[in-house]
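Asks: Following this message is one structure expressed as structure tokens.
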Amino acid sequence: MINLLRNQAFRGLSLSTFFQVIGISFFNIVLLLMAKNTKMPSFWVSVVSIATVLPGITSIFLGKISSSIKNKTKWVILLTLTQSLFFGILAVLFFTTDQYIASAIIVNLLSDIIGVVISLMKMPIIQNKVAGENQQQALGLYQSISLIMEPVGQGIGVSYMMATHNYVVGSIINAVTLLISACILFIHRHDLTYEEKM
């Protein structure tokens, strides 16, 4: 455990994942509550539920894509920035009206799919940067971040929506958490680079 905490690459990946999971799980609840407040709540809640499950189903195909990507560190940073940009654009749309439910679902779905690719690309980086005897523990701790922080992000999302009902700021909060995640990765970029096997 102490060796893992001293590992700069593992710390950077874990901290960035912490903010990424908080933001994504936060907005998933915001989106669900947004769907409930539409004129056709049953329909939109169903669509949101299906869209939330789809990225996990496509992970088999996304695994092939992520494994074929070269220079994973660069792409993990760029894709995390892309996620942040998506929600920044969505916040601008919400300034006009709060009825952009279809756009919000599409943006969230694309972001979640990108998130799966990012997560899959982080795995070989961890395996490369963590010593063999610590890899199992490192992967276990890394995966537990999502399990622990997802309900925390959802709880924050529920509390936020109960207090404000503001979709614009909700989208901005998600954009900021993803931007923080990207910045952490950028700061640790030299720790995350490695020679890829041909």
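The values are calculated or read from the model by the stated rules, or taken from the named source; none is laboratory data. The structure presented is a predicted model; accordingly, all values stated were derived computationally and were not measured. Cβ coordinates were reconstructed from backbone atoms using ideal geometry, including for glycine residues, and neighbour counts include every protein chain displayed. Keep in mind that these areas ignore ligands, DNA and RNA; they rest on the heavy atoms of the full protein, side chains included. Shrake-Rupley method; radii C 1.70, N 1.55, O 1.52, S 1.80 Å.
Asks: So, of the residues in region 57-90 that are under 14 Å from V116 (Cβ atoms) and open to solvent by 50 Å² or more (accessible area, probe 1.4 Å), which turns out to be nearest to the chain's Cα centre (by Cα)?
Replies: W75
Asks: Also, I was wondering about something else. Taking region 152-174 as the search range and keeping residues that are surrounded by 21 or more Cβ atoms within 10 Å (Cβ to Cβ) and under 18 Å from the mean Cα position of the chain (by Cα), which one is farthest from A102 (Cα to Cα)?
Replies: Checked region 152-174; the qualifying residue farthest from A102 (Cα to Cα) is G153.
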